[in-house]
Amino acid sequence: MKTVLTIIAIVFFGTLAMAQNVSKEVKVETTTASVALDVEIKKATKKDTKVARLYMFKNSRVKKALAFRTKRNKSKLA
């Protein structure tokens, strides 16, 4: 009984919402502006090259920081 009343209420309020007069769209005046395109292409003469270092030693700080392990990474035995 409760579900039937709920469905009837939903349909009733839905039809009331659809029956309302919605205000029409207001037209807005548009203005146009001319745009001048001045495009200058600059050639880059100096190239910046950045170098990434690869550390060959096991004890380097970077490799230690990247290969960290937490206590929760270890598997538990039952």
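Those residues that are surrounded by 10 or more Cβ atoms within 10 Å (Cβ to Cβ) and either in contact with a Phe, Trp or Tyr (Cβ under 8 Å, 6 or more places away or on another chain) or modelled with pLDDT of 75 or more (or both), I need them from region 63-78; list them, please.
Within region 63-78, just Lys63 meets the criteria.
Can you work out which of the residues in region 9-29 that are in a helix (DSSP H, G or I) and among the β-branched types (Val, Ile, Thr) is nearest to Lys63 (Cα to Cα)?
Among those residues, the one meeting the criterion is Ile10.
Of the residues in region 8-23, how many are of a type in the set (Val, Ile, Thr), surrounded by 10 or more Cβ atoms within 10 Å (Cβ to Cβ) and within 38 Å of the chain's Cα centre (by Cα)?
2
Here are Thr32, Thr6: which of them is modelled with pLDDT of 85 or more and part of a loop (DSSP other than H, G, I, E, B)? Outline the logic, then answer.
Working: Thr6 fails: part of a loop (DSSP other than H, G, I, E, B).
Checking each option against the conditions leaves just Thr32.
Being assigned to a loop (DSSP other than H, G, I, E, B), modelled with pLDDT under 85, surrounded by 10 or more Cβ atoms within 10 Å (Cβ to Cβ) and of a type outside the set (Gly, Ala, Ser), is that true of even one residue in region 45-62?
yes
The values are calculated or read from the model by the stated rules, or taken from the named source; none is laboratory data. Please read all numbers here as calculations on a predicted model, not as lab measurements. Glycine gets a Cβ as well: all are built from the backbone with ideal geometry, and neighbour counts include every protein chain shown.
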